[in-house]
1. Need one number: nm distance between label points at residue 256 and residue 20, each 7 Å from Cα along Cα→Cβ, rounded to one decimal.
2. Efficiency by 1/(1 + (r/R0)^6): what FRET value for residue 121 and residue 213, r their Cβ-Cβ distance, R0 = 45 Å, to the nearest 0.05?
3. With springs only between Cα atoms under 10 Å apart, run a GNM on the chain and tell me which of 180, 243, 235 wobbles the most.
4. Inverting the mean 1/r over all pairs of different Cα atoms, compute the Kirkwood radius of the chain and quote it in Å.
5. Sorted from fewest to most neighbouring beta carbons within 10 Å, what does the list 221, 47 look like?
6. Enter the per residue convex hull volume of the range 242-308, computed from alpha-carbon coordinates, in Å³ rounded to the nearest integer.
7. What is the spin-label model distance, in nm, from residue 267 to residue 7 if the labels are put 7 Å beyond Cα along the C-beta direction?
8. Quick one: go through the range 25-56 and flag any residue whose amide nitrogen is under 19 Å from the point 7 Å out along the Cα-to-Cβ line of residue 299.
Ligand code: GAL
């Protein structure tokens, strides 16, 4: 196991965690972000996530890509919520709503970093204190995000946090996978499995509407692995509206199941099994439209050239208690964990 460290631009570092099997996970303190994940396939490195070579490119092209997203990852309708009878109004940055914690949030900050290597585990922990009132959110919030890579080809993301005032907190990571290693190629032929009997439908602004909809007999039924293509081709109005998937899947969390989700490359050579302590996954099939043709590391992105599996509480929980709670009480300890097991 080892970690190498290099500059990733002015004041910004890139850490590459590597295990004895040759898996390389690169992360940066700029947005506590995943930049690159490579595994050896047939003697060549395959690049499994989308990303850019420089901080400037992230800022120009997509500053959310691979980053830690918070304080609240999903959309907050009209940026309003209530905690213990107190009303809050946070920054509005998309159609009169709040997306990804408001403007210039976790993803543009330079986090403190600390690395550690043992024979079996390499970790980098990024910490950031979001000051009270940042983008309108209450409480000084201390956040720690730890990326770990083990020698059994598992990598994980741990979130820990506490606040000096009761607040809301529902972060995620915004890494896009393309297990074929080519963002020019749609993920349509990847196989996806998600252990969810229900998903949350959206309105035209992509806000949840407080409804849990059964996946049965629909394109949203990924309980048995199937090609993603169906969500791009069918006439389901929810898919048509967003041009694919941009939806929360409410995880079943049966004791019998081993994983929460599984993604397999088109050629079947690479797979990722996801297990999370979070209650939902937002699956976004990079529906950026035909005009978003940005050059990435080694090819140019095309529509649907990536897929996110964003672990979190179902967005809208601040309005719809049936989705769970995102309140982090004063001095309470927040801890969520997601493990991604690689097969190649
Ligand atoms: C997703 C969100 C999408 C899109 C994307 C951009 O999490 O659900 O609608 O906005 O982020 O980063």
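Throughout, read-outs are computed from the coordinates displayed, never taken from laboratory work. Values in this document were obtained by computation on a predicted structure and should not be read as measured data. All Cβ positions, glycine included, derive from the backbone under ideal geometry; neighbour counts span all protein chains shown.
1. The answer from the label model is 3.7 nm.
2. Numbers: r = 40 Å, r/R0 = 0.89.
So the FRET efficiency works out to roughly 0.65.
3. 235
4. Values: mean 1/r = 0.0496 Å⁻¹.
Taking every pair of different Cα atoms in the chain, averaging 1/r and inverting gives 20.2 Å.
5. The most exposed by this proxy come first: 221, 47.
6. Values: hull volume 7.6 nm³, N = 67.
For the range 242-308, the hull spanned by Cα atoms encloses 114 Å³ per residue.
7. Roughly 3.7 nm, to one decimal.
8. Once the point is set 7 Å along Cα→Cβ of residue 299, 36-53 turn out to lie under 19 Å by backbone N, inside the range 25-56.
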